[in-house]
Amino acid sequence: MSVLEIVILLPILAALAIWLGAPARATSVGAALINLAIVLGLLFQFKSASAGGAGYAFESARVVLENPAITFGVGADGVSLILALLTVLVTLSAVWQIATDKPAIYHIASLLIAGGALGAFLSTDVFFIYAFHELALIPTFLMIGLYGHGEDSHRKAVAWKTTIYLGAGSLILLAGLAWLVLEYSGGQKLTFDLNALRAQAASTPLPVEKQGLIFFVLLLGFGTLVSLFPLHSWAAPAYATAPTPVAMLHSGVLKKFGLYGIIRIAMPLLPQGLQVEWVQHALLYMLLGNILVMGFVTISQRSLDKVLGNSSVMHMGYIFLGIASGTEIALQGAVILMFAHGISIALLFALMGRMRAQLGTLELSKLGGLASHAPIFTILFAFGTFASIGLPGLANFSGEVMIFLGAFGSDGSSTLGPLQWTVILALWGVVMSAVYMLRAYRSVFQGSANAGLFMNDPVVSQRIPLMLLAAALLIVGCCPWLLLGLLKSLSVVPVAAM
Amino acid sequence: MPAQEAAPTLPTLLLLLPLFTALTILLGHKLLKGASVILSVASAAICFIISMMLLHSENSEIAPVLLPFISVGKINIVIDALLDQQSRGMMLIVTSIGLLVHIFSLGYMKEDAGKVRFFGALSLFMFSMTGIVLAGNLVMMFIFWELVGLSSYLLIGHWFQKASAAEASKKAFLTNRIGDFGFMIGILMLFAANHGDVSFLGLKSSFAAGPLHDVAATQTAFMTAAALCLFMGAVGKSAQFPLHVWLPDAMEGPTPVSALIHAATMVAAGVFMLVRCSFVFEASHDAAYTLCCIGAITAFMAALMATQQSDIKRVLAYSTLSQLGYMVMAVGLLALQVGGHLHEAGPGHPAMFHLYTHAFFKAMLFLGSGAIIYSCHHEQDMWKMGGLMKHMPVTFVTFAIGTASLIGVPYITSGFWSKEAILGAAFEVEEGRPFFWIGVVTAMLTAFYMTRMFVITFFGKPRTDSAHHASEAPIIMVLPLLVLAVLTLISPWHWATNMFQAMEPKHAEGHPTVLIASFLALVIGVSVGFFLYKGKDKEPLNIKLFANKFYFDEIYAVLVKVFQDTVAWIIAGLERLVVDGIMARLPAYLAARVGSAARNLQGGHLQGYTFLLGLGVLLVIYVVVFALPALGH
């Protein structure tokens, strides 16, 4: 059994064990710790195992079906390993922070989401990439519907909305993937193996217009899963309603699946898809919708859960900007930002869950002065806040600045094209995120404490998972080159020069 | 990362020591307790010593890399150190005043509950400011530019329980963010046009004879836009009109912070950056002219506002705005001069020279006001002081030296020489005449409001009990004042300007018109101020427009309300109505239909979901295994 298969199966087996009666907390935290250790080990070995960091490593394959050719193949390049690291880090802190009075299903669901996400990130077969993601969605929907916050009818409505949106997105995605696979089969045996498909794309490329069309279908499918504007309206209510570990895992990890799919499947298999002008322009408009429209929407929110949920939708726009520009540095920046956003939003949702449990309200106007009672909690929240507004030294900035530099270009031109104008407008979003996050921070933590609202600092053992996330933000923020060294494979992605 | 040559030890230490201090205090303050404070002061002292040691380092031909940051393909962004006259001198200013402010704070913040947090943030500031000064490329400068913004935010909001302090810190950060928005665009434009190289040395040679030289010659609009975007960064950080509104509110922070960050060093970073990038402004006449205008407007307008403030720190804050305006104007004037090929830029620069003299006397004035506030039990209203000359003689003397420098008493004060250099430049440059006269009138206003402040605070009789019982501040606070007084006195001497590498411009032949005009301005300002306020117990002039700062805050509040909050409200409503309405109604309708069908089938919501998803998975398998192969063949 290959090591990547172990990484994928471990959380699923742990979930099974808990269902069969193993102690929930010990099992889930233990499994998450082991997984973290394995992934860290893989990161250190990656360069020697993958020809200097450019190719796949740790590959193995089991044939499931001969025709169509479906193999349970696993393998990792830098992108998948970074996302695996994100998954295990967020999983560990998500299961660690589950309160002791919660039923075991919290742990089971979290582990299943983690297992599904790891499977999606580490598989090399399009069929399994898709199937693992679906697997991870099921516990997400169930947990929102069963254990979500708010009125019974409200959370059911939210669960339905999320299911419908993501289900519809998945179906569009399925259609797009099927189209893609069919086009490349050329009447021969169907294959879902990414490597084989990539070889096909290189030897017999599709006509450019068709590439653009399929790319757009995939963009809509993957985009719905990532809350690309205007397919985003499931996201903010889902995160506001979902139980804390599910909100952490979905917004932090699972939502990255759509972006991963574009980088891993759509871009290499349809290398000229984004060069079709209308596709690129459509993407630019949509991502500006994420940044500017959702920026304004977030500014008008009056409770913390809505601010964080909408801000998470907004930040997807920057990652799409990296993808839309297609330059090497911007794509690598997009991966860094995927990691950074995942960690920072998971940290913020974990802290928000604690506030909801202790204070009973997240209305900004009712909160205030928490910094006086809970200084350590405040520092941790400040890490998340400043990371998400792109303060240098924290991970998100590293990704954002690479995206801006890459998207603006460095080819000696002194004219401003559509990409450059998009970057300029997107930069205004950085001002807007400072506005809503600092407003929220001001009303929650500063000023005088409201009588009757009291919150204490987490005890030491509860601080550890949160400090882990904060430390990850700081390390990647100060030393982004630690991760960039793993991303050589992205330089072979054809540049979509416009 | 590719192996670089070994990073030079001293600059690395200079940069990282305060960072480690700040991190140690953040993580270990429970264990360290009072030792954190000592640690912070010790780190500031070591940084000062390192800056002294660096004074005789060679000018770098290349900026040596201290730390890697981002390296992708041919783009390599690093943390490096560009050591030249400008950075060495600035470093010494930052670390010397930094150390003195650390020491002063030992007394000023002694009783404060958040003392450890204060010193931690102070160390974070020292780290960030060092980064700006050492920066050898624009991205690195931007990184630390934002980080000084963070430390300023933390320190303005030190007393975060106070609503006014919390609001002021937020306002400072957000206003700076608007400036940084432009700054980043400017960096990106140069990055694009110069093939991904934004190091200062690379840009400079490119402007001399390279891609940017051609861009400047052929694409005037692009170059002017890039220059103005860069300038926007300085408008935010150095609080120039129209983004000046945050600096007076920043006085909510503890007074030592006002002295170090909001008077001597951080706010001057904007000017520092403009001088670093002077080749950009030399390449665009329109941008250089804009600098002159913005600088002159800020200098004049802030001086008017200073005349009607009653809070001692606010007078000083507006005076800082006004002096920063002079410096920005000087950058513009020199760029016009060099751009017009009047002569090559020498090693001197009037903006940096004024920055240097201003840093010492303004830090001293702020610390002096801190000593006064401390002794009057945190009273900041000048009208509740009075007669402090007798009670606080040392503070009085140092304050007098500072005031004399700020108003530019001829020949003996540092402020005279540096202001004269700017006025002289304005007089010499062809288009500079209006700026010269604005500068002279502002000098007169400066003499007026400083005399006013001096008379109200130190002369006459104490107007309140707290002023009556005021006594000299403790020695730990008086000592830094005295050191700063000495530094202020010696700073115009040549050996001092040599040591501080102050970029003193060659003394132009003092044009008689310049001398006479500034002398008259001084005499008129001081005498009007003295006779108007002598023996007064309340404000004899009441100019609402100036006292209310030209209503900028009120106007901006309306603008924010209309252009941000209302627009946000409308967009949020539309988003709910249109996107959510259309995009979600249809599926929701379908969902309800399917849902009720599922309920009928399974009798319950939960089962409904699982059923649907199970159905989905089955569908997927069916499609993949049966439908697709059938299509494919």
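The values are calculated or read from the model by the stated rules, or taken from the named source; none is laboratory data. It should be emphasised that the depicted structure is a prediction, and the values quoted were computed from it without experimental measurement. Here the Cβ is made from the backbone with ideal geometry for all residues, glycine too, and neighbour counts use every protein chain on show.
One residue is enough: does the stretch B:168-179 have a residue meeting the conditions within 25 Å of A:T422 (Cβ to Cβ) and away from chain A (no Cβ under 11 Å)? No: the stretch B:168-179 contains no residue that is within 25 Å of A:T422 (Cβ to Cβ) and away from chain A (no Cβ under 11 Å). List the number of the failed condition for A:G186; all other conditions in (1) more than 25 Å from the chain's Cα centre (by Cα); (2) without any contact (Cβ under 8 Å) to a residue 40 or more places away in the chain; (3) surrounded by 20 or more Cβ atoms within 10 Å (Cβ to Cβ) hold. A:G186 satisfies all of (1) more than 25 Å from the chain's Cα centre (by Cα); (2) without any contact (Cβ under 8 Å) to a residue 40 or more places away in the chain; (3) surrounded by 20 or more Cβ atoms within 10 Å (Cβ to Cβ) except (3).
Among the residues making up the stretch A:280-339, those that are part of a helix (DSSP H, G or I) and among the hydroxyl-bearing types (S, T, Y) are A:Y285, A:T298, A:S311, A:S312, A:Y318, A:S325. Criterion applied to A:A371, A:A350, A:A334, A:A357 was being surrounded by fewer than 22 Cβ atoms within 10 Å (Cβ to Cβ) and either touching an Asp or Glu at 6+ places or on another chain (Cβ under 7 Å) or touching a residue at least 24 places away in the same chain (Cβ under 8 Å) (or both), and the one residue passing it is A:A357.
For the stretch A:413-429, the criterion of being within 30 Å of B:K162 (Cβ to Cβ), touching a residue at least 40 places away in the same chain (Cβ under 8 Å) and assigned to a helix (DSSP H, G or I) is satisfied by no residue at all. Taken over the stretch A:305-343, the criterion of being under 19 Å from B:F69 (Cα atoms), within 13 Å of chain B (Cβ to nearest Cβ) and not aliphatic (A, V, I, L, M) is satisfied by A:G322, A:T327, A:E328, A:Q332, A:G333. When every residue of the stretch B:227-237 is checked against the conditions, at least one turns out to be of a type in the set (D, E, K, R), within 29 Å of A:T422 (Cβ to Cβ), more than 8 Å from chain A (Cβ to nearest Cβ) and in contact (Cβ under 8 Å) with a residue 24 or more places away in the chain. Would you mind stating whether A:A104 is within 27 Å of A:Y147 (Cα to Cα), more than 23 Å from the chain's Cα centre (by Cα) and aliphatic (A, V, I, L, M)? Against the criterion (within 27 Å of A:Y147 (Cα to Cα), more than 23 Å from the chain's Cα centre (by Cα) and aliphatic (A, V, I, L, M)), A:A104 qualifies. Among the residues of this structure, A:L453 counts as one that is under 30 Å from B:K162 (Cβ atoms) and either in contact (Cβ under 8 Å) with a residue 12 or more places away in the chain or aromatic (F, W, Y) (or both).
Counting only helices (runs of 4 or more DSSP H) that sit completely within the stretch B:407-489, those holding 1 or more residues that are at pLDDT 90 or above, among the polar types (S, T, N, Q) and more than 21 Å from B:M364 (Cα to Cα) correspond to B:433-458.
Residues are listed down the side, and each one gets a yes or a no for (1) buried (at least 17 other Cβ atoms within 10 Å of the Cβ); (2) at the interface with chain A (Cβ under 10 Å from one of its Cβ atoms); (3) in a loop (DSSP other than H, G, I, E, B):
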| residue | (1), (2), (3) |
| --- | --- |
| B:C47 | yes, no, no |
| B:S51 | yes, no, no |
| B:L67 | yes, yes, no |
| B:L83 | yes, no, yes |
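Residue pairs whose Cβ atoms lie under 9 Å apart, sitting 6 or more positions apart in sequence or on different chains, and linking a residue in the stretch A:382-395 that is of a type in the set (K, R) to a partner that is assigned to a helix (DSSP H, G or I), do not occur here. Give me a count of the residues in the stretch A:368-424 that are facing chain B (nearest Cβ under 7 Å) and under 13 Å from A:F445 (Cα atoms). The qualifying residues number 3. With respect to B:V116, is the statement that it is over 15 Å from the mean Cα position of the chain (by Cα), over 22 Å from B:S71 (Cβ atoms), in a helix (DSSP H, G or I) and within 9 Å of chain A (Cβ to nearest Cβ) true? So B:V116 does not fit the description; no.
Among the residues making up the stretch B:119-150, those that are more than 10 Å from chain A (Cβ to nearest Cβ) and either surrounded by fewer than 22 Cβ atoms within 10 Å (Cβ to Cβ) or assigned to a loop (DSSP other than H, G, I, E, B) (or both) are B:A135, B:G136. Looking at this structure, is B:L545 farther than 25 Å from B:A400 by Cα and surrounded by fewer than 18 Cβ atoms within 10 Å (Cβ to Cβ)? It is true that B:L545 is farther than 25 Å from B:A400 by Cα and surrounded by fewer than 18 Cβ atoms within 10 Å (Cβ to Cβ).
Residue by residue through the stretch A:263-279, note down the ones that are part of a helix (DSSP H, G or I) and among the aliphatic types (A, V, I, L, M). Within the stretch A:263-279, A:I263, A:I265, A:A266, A:M267, A:L269, A:L274, A:V279 meet the criteria. Screening A:A266 on (1) within 11 Å of chain B (Cβ to nearest Cβ); (2) free of Cβ contacts under 8 Å to residues at least 60 places away in the same chain shows it passes everything except condition (1). Here A:K156 fulfils each of the conditions (1) modelled with pLDDT under 85; (2) surrounded by fewer than 21 Cβ atoms within 10 Å (Cβ to Cβ); (3) assigned to a helix (DSSP H, G or I) apart from (2). Checking the stated criteria, A:Q272 turns out to be surrounded by fewer than 24 Cβ atoms within 10 Å (Cβ to Cβ) and away from every other protein chain (no Cβ under 14 Å). Can A:G55 be described as modelled with pLDDT of 95 or more and either in contact with a Phe, Trp or Tyr (Cβ under 6 Å, 6 or more places away or on another chain) or outside any strand (DSSP E or B) (or both)? So A:G55 does not fit the description; no. Looking only at residues in the stretch A:174-223 that are touching an Asp or Glu at 6+ places or on another chain (Cβ under 9 Å) and in a loop (DSSP other than H, G, I, E, B), the one that is farthest from A:F128 (Cα to Cα) is A:L206.
Summed over the stretch A:474-486, residues that are buried (at least 23 other Cβ atoms within 10 Å of the Cβ), more than 8 Å from chain B (Cβ to nearest Cβ) and over 19 Å from B:E146 (Cβ atoms) total 2.
Is it true that some residue in the stretch B:151-159 is in a helix (DSSP H, G or I), surrounded by fewer than 24 Cβ atoms within 10 Å (Cβ to Cβ), within 7 Å of another protein chain (Cβ to nearest Cβ) and touching a helix residue (DSSP H, G or I) at 6+ places or on another chain (Cβ under 9 Å)? Looking for residues that are in a helix (DSSP H, G or I), surrounded by fewer than 24 Cβ atoms within 10 Å (Cβ to Cβ), within 7 Å of another protein chain (Cβ to nearest Cβ) and touching a helix residue (DSSP H, G or I) at 6+ places or on another chain (Cβ under 9 Å), one finds none in the stretch B:151-159, hence no. For the stretch A:206-215, state whether one or more residues are more than 8 Å from chain B (Cβ to nearest Cβ), under 26 Å from A:L13 (Cβ atoms), crowded, with 21+ Cβ neighbours inside 10 Å and of a type in the set (G, A, S). No - not one qualifying residue is present in the stretch A:206-215. The set of residues in the stretch B:437-466 being over 29 Å from the mean Cα position of the chain (by Cα) and crowded, with 24+ Cβ neighbours inside 10 Å consists of B:I456 alone. Just one of the listed residues (B:H244, B:H195) is surrounded by fewer than 22 Cβ atoms within 10 Å (Cβ to Cβ) and in a loop (DSSP other than H, G, I, E, B), namely B:H195.
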